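The values are calculated or read from the model by the stated rules, or taken from the named source; none is laboratory data. Nothing here was measured: the structure is a model prediction, and the numbers come from that model. Cβ sites come from the backbone with ideal geometry, for glycine too, and all protein chains shown count toward neighbours. Quick note on the areas: whole protein, heavy atoms, side chains included, nothing else; ligands and nucleic acids left out. Shrake-Rupley method; radii C 1.70, N 1.55, O 1.52, S 1.80 Å.
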Amino acid sequence: MRAAFALLSALACMAYAATAPLAILKPAVSDLEDGPAVPPSFTFVPGQFVFLKLQIGGFKASPEQKIHLTYKTDAFDPKGVRVIETMGDKVDTTLAPEDKNWKPVVRQQFLIPPIAPSGTYKIVIEVTDDLAEGAMVKQEIPFEVRGRTVEPSDTMVVRNFHFYRGEEDRDPLAVAAYKPGDTLWARFDITGYKFGPQNAVDLDYGISVLAAGGKVLFTQEKAAEEKSSSFYPKAYVPGSMNLSLQSNIRPGQYTIAITVHDHTGNQTCEAKGDFTIE
């Protein structure tokens, strides 16, 4: 009687698996590991982790009650560019008679690139049942990112050159005016450079301070450099500088000149910003 009952249980499990199509169930995107699904209005930010959780149903079991599933996950930015390398894994296990309603749980996480534009991103999850010929299911899960978008350029340019009162200030000065002894802060974005292998970036920039007549008061040919590579191509490179103004500097108008060199694309560009000493 016990043997017959076990056989009937196994057959029931097989019948259950065969009646339902392969499916991705309860997909949830969260900002916390095993956290609740974020609402559609939620926005992630660059540099933040995204956590994905889902279940797989409708898979087929072999006569020995083995299952073999493979799955892979991709994530794309608003332009359809992959933001991460494809993540994949498999479910390879044997079911017990009491596992009739058991469903594999998939958990994956990835980091939004630190420099990522705003828009609607999407996760694409694909599951294949290796024991059921042609059984594959795919689902897209959108999520929002609030980042910075810098206007692209075919050639290298400096954009968004602004002066600031302090290092952490978010809003630029409406009038770039300082007093002797102040510290001048400026930020800008570099775009339009060329990429090397593995989206490598090889830039450096110099800084000069000019008096009203064009006389060079200070120069640093290589103030900073950016040498990096990444899976997701950097649409722009942020730059910044600060300058301690001497207490005896004369009032008047001055200019900051930024000269950028793209060693991969053999490009050079310059940008200038005027400020005054009151």
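With a Förster radius of 35 Å applied to the beta-carbon distance between residue 124 and residue 267, the computed FRET efficiency rounds to 0.50. Per-residue ellipticity at 222 nm for the chain, helices alone: DSSP H runs ≥ 4 residues times -39500 (n - 2.57), over residue total, nearest 500 deg cm²/dmol? One gets -2000 deg cm²/dmol as the mean residue ellipticity at 222 nm. On the stretch 127-225, 47 percent of the accessible area sits on carbon and sulfur atoms, based on a 1.4 Å probe. In the frame of its principal axes, the stretch 122-170 has Cα extents of 64, 29, 13 Å, reported largest first. Once the mean of 1/r is taken over each pair of separate Cα atoms and inverted, the stretch 47-99 shows a Kirkwood hydrodynamic radius of 13.9 Å. Given a 1.4 Å probe and the protein chains as shown, residue 210 ends up with an accessible area of around 20 Å².
Straight-line cross-link reach from residue 90 at under 16 Å between alpha-carbon atoms covers these lysines, not counting any fewer than eight positions away in the same chain: 53, 60, 66, 72, 103, 138. Our analysis of the chain gives Rg over Rh at 1.22, with the two radii drawn from alpha carbon positions and Rh computed by the Kirkwood formula.
Protein heavy-atom accessible surface, 1.4 Å probe, per residue over the chain: 57 Å². Within the stretch 191-227, name every residue whose backbone N is under 18 Å away from a label modeled 7 Å from Cα of residue 162 along the Cβ vector. Answer for the stretch 191-227: 191. Let's test the formula: R0 of 41 Å, r as the Cβ-Cβ distance of residue 247 and residue 199. What FRET efficiency results, to the nearest 0.05? Efficiency, from the Cβ-Cβ distance: 0.35. Separation of the stretch 201-278 and the stretch 109-124, taken as the distance between their Cα centroids, equals 30 angstrom.
Work out how much length residue 133 to residue 111 would gain on full extension: take 0.36 nm times their residue separation and subtract the Cα-Cα distance, in nm to one decimal. Please report the intermediate quantities before stating the final value.
Numbers: separation 22, 0.36 × 22 = 7.92 nm, distance 3.41 nm.
Full extension from residue 133 to residue 111 adds 4.5 nm.
The angle between the Cα long axis of helix 2-19 and the longest principal axis of the Cα atoms of the chain comes to about 50 degrees, rounded to the nearest 10. Treating each Cα of the stretch 239-278 as one equal point scatterer and applying the Debye formula with no solvent, the log10 of I(q)/I(0) at q = 0.16, 0.24, 0.35 Å⁻¹ comes out as -0.55, -0.88, -1.20.
Determine the dipole magnitude for the chain: charges of +1 sit on the beta-carbon of Lys and Arg, -1 on that of Asp and Glu, nothing else is charged, the reference point is the Cα centre, and the result goes in debye to the nearest 20. Mind dumping the intermediate values first?
Details: 28 positive and 34 negative charges, 64 e Å.
Here the chain has a charge dipole of around 300 debye.
Normalised by 2.2 N^0.38 Å, where N is the number of residues, the C-alpha radius of gyration of the stretch 56-215 stands at 1.71.
Built from the Cα atoms of the stretch 152-255, the convex hull projects on average onto 7.8 nm², one quarter of its surface area.
Charge tally around residue 206: other residues with Cβ under 11 Å, Lys/Arg +1 each, Asp/Glu -1 each, net -3. In this simple spin-label approximation, residue 98 and residue 225 carry label points 7 Å from Cα along the Cα→Cβ vector, and these lie 6.4 nm apart. Largest accessible area first, the listed residues 133, 85 line up as 133, 85 when surface is computed with a 1.4 Å probe on the assembled protein chains.
Can you give the FRET efficiency to the nearest 0.05 for residue 72 and residue 183, using r as the Cβ-Cβ distance and R₀ = 51 Å? Don't skip to the answer; put the middle values down first.
Values: r = 50 Å, r/R0 = 0.98.
According to the calculation, E is roughly 0.50.
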